[in-house]
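**Student:** Could you have a look at this structure, given as structure tokens, before my questions?
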Amino acid sequence: MNGCKYIQGGKTMNMEKAALIVERPHKKVYKCEKDIVKVFNPNHPKADVFNEALNTARVEAAGLDIPKVKEVTEIDGRWSIVIEYKDGKTLEEMMLVDAGNLEKYMEDFVDLQLEMHSRKAPLLNKLHDKLARQINSLKELDATTRYELLTRLDSMPKHDKVCHGDFNPSNVIVGKNGKMTIVDWAHATQGNASADAAMTYLLFALKNQETADLYLKMFCRKSDTARQYVQQWLPIVAAAQLTKDNELEKDFLMKWIDVMDYQ
């Protein structure tokens, strides 16, 4: 971080000692003393940074034990979020190292998601509205396909459950005592839990279809939800994921967007 510093609670903290732990196209995430510091690229929208901090605070107010936002600040002219550090390993790491216990880890993962879905945060943005904006922005889809997707979206039940939007094992931290904590609330909304589950299924399927199928089977059993109902959301959330403009995912996602296969 070129020796940059930021001030928190009247104390100057030196980012020279920070350790880079995650790097994404639009941000770098550092461990700095007792904090996690997300440093966003200069061209990343300021509104998105503040929205992520606000989302996190609103989810925290819903009663979920998550890392608390401490500060939104500028570091070297880049908007940054300072978040409470939670010690532990990601559930993704544990699943890879201990693949023989995948089903047990998946049970815990689904239970955690259902606990999240049991909460409400009335001030979060609505998932339906976000999905509609994302579908309308997809110029690589023709008008007929966008119309079909929006019609399907409008026909789906509108709920108000806390939805993560990017719920996958890399966003779950497991502490030494086994307690699991959900992190990275940038995409949080209130909406239909099965839409959130459909997105999680797609994120698994992008890496391993068998693991995705195990997840969906377990989610549907534990939540008493028909598999077909979650599948009805797949073309919609695949379109939403397509807006992230990841070339490696594009062909896979386009296969799910053929809504006529799900009529």
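No value in this document is a laboratory result; all are computed from the given coordinates. As the structure is a prediction and not an experimental result, all values here were calculated from the model. Neighbour counts are summed over all protein chains in view; Cβ atoms, including those assigned to glycine, are modelled from backbone coordinates with ideal geometry.
**Student:** Could you tell me which residue out of Gln231, Ile182, Asn168 lies farthest along the dipole of the stretch 139-263 toward its positive end? Charges go on the beta carbon: Lys and Arg +1, Asp and Glu -1, centred on the Cα centre.
**Tutor:** Sorting the options by dipole projection puts first Ile182.
**Student:** Considering the dipole of the chain built from charges on the beta carbon (Lys and Arg +1, Asp and Glu -1) around the Cα centre, which of Leu253, Ile66, Leu102 is farthest to its positive end?
**Tutor:** My answer, from the dipole projection, is Ile66.
**Student:** Taking every pair of Cα atoms in the chain, average 1/r, invert it to obtain the Kirkwood radius, and report Rg/Rh to two decimals.
**Tutor:** On the Cα set of the chain, Rg over Rh gives 0.97.
**Student:** May I pose another question? Each residue of the stretch 169-186 in order: what ³J(HN,Hα) in whole Hz does its phi give by Karplus 6.51 cos²θ - 1.76 cosθ + 1.60, θ = phi - 60°, with x for Gly and Pro?
**Tutor:** Working through the residues one at a time gives x, 6, 9, 10, 9, 9, x, 5, 8, x, 5, 9, 10, 8, 10, 6, 9, 4 Hz.
**Student:** Something else: Quick one: putting +1 on the C-beta of Lys and Arg, -1 on the C-beta of Asp and Glu, what dipole do you get for the chain around its Cα centre, in Debye to the nearest 20?
**Tutor:** Using Cβ point charges on Lys, Arg, Asp and Glu, the chain gives about 680 debye.
**Student:** If you find the alpha carbon centre of the stretch 39-116 and of the stretch 141-208, how far apart are they in angstrom?
**Tutor:** 14
**Student:** Something else now. Classify the stretch 5-84 as rounded, prolate or oblate from the Cα gyration tensor: take a ≥ b ≥ c as the square roots of its eigenvalues, call it rounded if a/c is under 1.5, otherwise prolate when a/b beats b/c and oblate if not.
**Tutor:** oblate
**Student:** Here is a follow-up. In deg cm²/dmol, rounded to 500, what helix-only [θ] at 222 nm does the chain give when every DSSP H run of at least 4 residues adds -39500 (n - 2.57) and the total is split over its residues?
**Tutor:** -14000 deg cm²/dmol
**Student:** Nearest 10 degrees is fine. How inclined is helix 209-223 to the longest principal axis of the chain, computing both from alpha carbons?
**Tutor:** Around 80 degrees separate the two axes.
**Student:** Can I ask one more? Within a 10 angstrom radius of the beta carbon, how do Ser118, Ser80 rank from fewest other beta carbons to most?
**Tutor:** The fewest-first ordering by Cβ neighbours comes to Ser118, Ser80.
**Student:** At 7 Å along Cα-to-Cβ for each site, give me the label-to-label distance between Glu115 and Asp87 in nm.
**Tutor:** My value for the distance between the label points is 2.0 nm.
**Student:** Please compute the contact order of the chain in relative form: average sequence separation of alpha-carbon pairs under 8 Å and at least six residues apart, divided by the residue count, as a percent. Could the numbers behind the result be given before it?
**Tutor:** Numbers: 408 pairs, mean separation 42.9, N = 263.
It rounds to 16 percent for the chain.
**Student:** Also, I was wondering about something else. Which angle between 0 and 90 degrees, to the nearest 10, do you get for helix 127-136 versus the longest principal axis of the chain when only C-alpha atoms count?
**Tutor:** 80
**Student:** Let me ask something else. With a 10 Å Cβ neighbour count serving as the proxy for reagent exposure, in which order, fewest first, do Asp142, Asp196 appear?
**Tutor:** Asp142, Asp196
**Student:** Which shape class applies to the stretch 201-263: rounded if a/c is under 1.5, otherwise prolate when a/b exceeds b/c and oblate if not, where a ≥ b ≥ c are the square roots of the Cα gyration tensor eigenvalues? Don't skip to the answer; put the middle values down first.
**Tutor:** On the way: a/c = 2.35, a/b = 1.44, b/c = 1.64.
Cα axes put the stretch 201-263 in the oblate bin.
**Student:** How far is helix 102-117 tilted, in degrees, relative to the longest principal axis of the Cα atoms in the chain, given as a value from 0 to 90 rounded to the nearest 10?
**Tutor:** Roughly 90 degrees, rounded to the nearest 10.
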